[in-house]
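Visitor: One structure coming up, written as structure tokens, with questions to follow.
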Amino acid sequence: MKKAERLKQVEILCKQKKSQKEMAQILQVSIATISNDIRKLKAEKNIQYTTVAQKRHQDTQKEVQALWEKGRTREEIAEELEKSFNNVGSYLREIADYTIEIEQQKEERKETIRTMYQAGKSQKEIAKALGVTYPRANILIRRMCEEEGIEYQSDNQRKKKMYTAKVKGLLKAGKSTEEIMQAIGLRESSTHKYIVAAREEIETEKRKTYMQACRIDLQNGTLKEEALQHMKEIIIITHDYRDMITYVKACIQWTRFEDAKKILIEHRNSKRFSAEQKQKIKRLIEYLEKIQIRQQNVTHKKGINRVKSMGNNLDQNPKGIQKDSTKDGQR
């Protein structure tokens, strides 16, 4: 049978709503050939033909939609139609109203998560409020944080942050360890742990305040040379790039080029710094080395000029110089 004649026969069989398998048996060709012929007829003649699978899908879709419109939940629909939970979900997503409702539910759920998370609620409490498992709550919290640009922290991290903040306030108020332990209601070992963390934060704040004051003094030209030692001690603890650059600028201002170069060499391979920052450190070291060479040359020239000057004075007034040297000897 020629292709043109077969296409006519396939078109007639499509109108008779024969299945592809039946068409293949009647025309004695493969199902793949029949499928290709139907696609061609759809494209050229816009014929309407529904496969058995498509018909089954449409029937199931109607059943799912009917049950959903009656107020059944996704779980109830899956149980009644003996379909999987995910399978029912794929049918429900084809319903426009369901999609809108789901989006609204997602926004409400995200708002609930954000409110509870920022209020310091644990992931277990959030999971219970949402009616989901703990791992699922963790995924939803992480997703919310990512979408909202909020830093994600585990329960332990948030607990530590909360207690450390409380203890820090109590330490600043001059409270003793016993008073702090009573105020936060924890055991001595736990209280001690948060006291250590709080004291470290207080010291960090002091270091930041000191370095900020040094930056202001440096800009105003009022930074004292005595401040350099404490600045260096801070950098050894923090390894902060900005603080180090401030110290280097201060050293240059006080012509302590060797100190500036030394701190840069010590930190040039630090993993804390980016490739760009390391490149800047390299250029600074080269710049300081050039300054030192120039300074050495100037010092050398001054020494030669001083010797020449003494020689000229000796030629012009040997007695005077001898007299001066005698006086020096007498002294």
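Rule-based calculations on the coordinates, nothing more; no lab input. Since the model is a prediction, treat every value here as computed from it, not as a measurement. Don't worry about glycine lacking a Cβ; one is built from the backbone with ideal geometry, like all the others, and counts go over all protein chains shown.
Visitor: Mind pulling the per residue volume of the convex hull built on the Cα atoms of the range 154-222? Å³ is fine. Numbers along the way, then the final one.
Guide: Details: hull volume 6.2 nm³, N = 69.
Cα-based convex hull of the range 154-222, divided per residue, equals 90 Å³.
Visitor: Something else about it: Grab the DSSP H runs of the chain that are 4 residues or longer, score each as -39,500 (n - 2.57), total them, divide by all residues and round the 222 nm result to the nearest 500 deg cm²/dmol. Spell out each step's value before the answer.
Guide: Numbers: 17 runs with 266 residues, N = 331.
Value at 222 nm, helices only, nearest 500: -26500 deg cm²/dmol.
Visitor: While we're here: Normalised by the number of residues in the range 96-152, what is the relative contact order in percent for Cα pairs under 8 Å and 6+ residues apart?
Guide: It comes to 26 percent, rounded to a whole number.
Visitor: Relative to the first principal axis of the alpha-carbon coordinates of the chain, what is the inclination of helix 96-118, with its axis defined by its Cα atoms, in degrees from 0 to 90 and to the nearest 10?
Guide: Once rounded, one gets 30 degrees.
Visitor: What size of dipole, in debye to the nearest 20, comes out for the range 222-297 about its Cα centre when the only charges are +1 on Lys and Arg C-beta atoms and -1 on Asp and Glu C-beta atoms? Before the final figure, lay out each step's value.
Guide: Details: 16 positive and 11 negative charges, 70 e Å.
It comes to approximately 340 debye.
Visitor: Something else: Among 239-251, 143-155, what's the highest-first ranking by average C-beta atoms within 10 angstrom per residue? Intermediate results must be reported in sequence, preceding the final value.
Guide: Details: 239-251: 20.2, 143-155: 12.3.
Per-residue mean Cβ counts within 10 Å order the peptides as 239-251, 143-155.
Visitor: Okay, next question. In whole Å, what is the distance between the alpha-carbon centres of the range 4-62 and the range 183-229?
Guide: Computed from Cα coordinates, the inter-centre distance equals 79 Å.
Visitor: Here's a follow-up. Which option, (i) 98, 21, 14; (ii) 32, 26, 19; (iii) 84, 38, 13, is the value of semi-axes √(5λ) of the Cα gyration tensor in Å that was calculated from these coordinates?
Guide: Computed from these coordinates, semi-axes √(5λ) of the Cα gyration tensor in Å corresponds to label (iii).
Visitor: A further question follows. Taking the chain as the reference, fit the longest principal axis to its C-alpha atoms, fit the long axis of helix 3-15 to the helix C-alpha atoms, and give the angle between the two in degrees, 0 to 90, nearest 10.
Guide: Roughly 80 degrees, rounded to the nearest 10.
Visitor: So how strong a dipole does the range 154-222 carry about its Cα centre when Lys and Arg Cβ are +1 and Asp and Glu Cβ are -1, to the nearest 20 debye?
Guide: The calculation lands at about 220 debye.
Visitor: How big is the range 1-52 in terms of Cα radius of gyration and Dmax, in angstroms?
Guide: Rg, Dmax (Cα atoms, Å): 9.6, 27.
Visitor: On a 0 to 90° scale, report how tilted helix 227-238 is relative to the longest principal axis of the chain, with both axes built from alpha carbons and the result rounded to the nearest 10.
Guide: Here the helix axis deviates by roughly 30 degrees.
Visitor: Relative contact order (percent) for the chain, with alpha-carbon contacts under 8 angstrom and 6 or more residues of separation? Can you show the working numbers first?
Guide: Values: 170 pairs, mean separation 19.0, N = 331.
It comes to 6 percent, rounded to a whole number.
Visitor: Based on Cβ point charges of +1 for Lys and Arg and -1 for Asp and Glu, what charge dipole magnitude is obtained for the chain about its Cα centre, in debye rounded to the nearest 20? Provide the component values of the computation, followed by the final result.
Guide: On the way: 69 positive and 48 negative charges, 301 e Å.
Approximately 1440 debye in magnitude.
Visitor: Grab every C-alpha pair in the range 83-231, bin the distances at 5 angstrom width from 0 up to the longest one, and report whole percents.
Guide: Distribution as computed: 2, 8, 12, 11, 10, 11, 12, 9, 7, 5, 6, 4, 2, 1, 1, 0 percent.
Visitor: Could you tell me the relative contact order of the range 224-310? Use alpha-carbon pairs under 8 Å, at least six residues apart, and round to a whole percent. Walk me through the intermediate numbers first.
Guide: Details: 43 pairs, mean separation 18.8, N = 87.
Answer for the range 224-310 is 22 percent.
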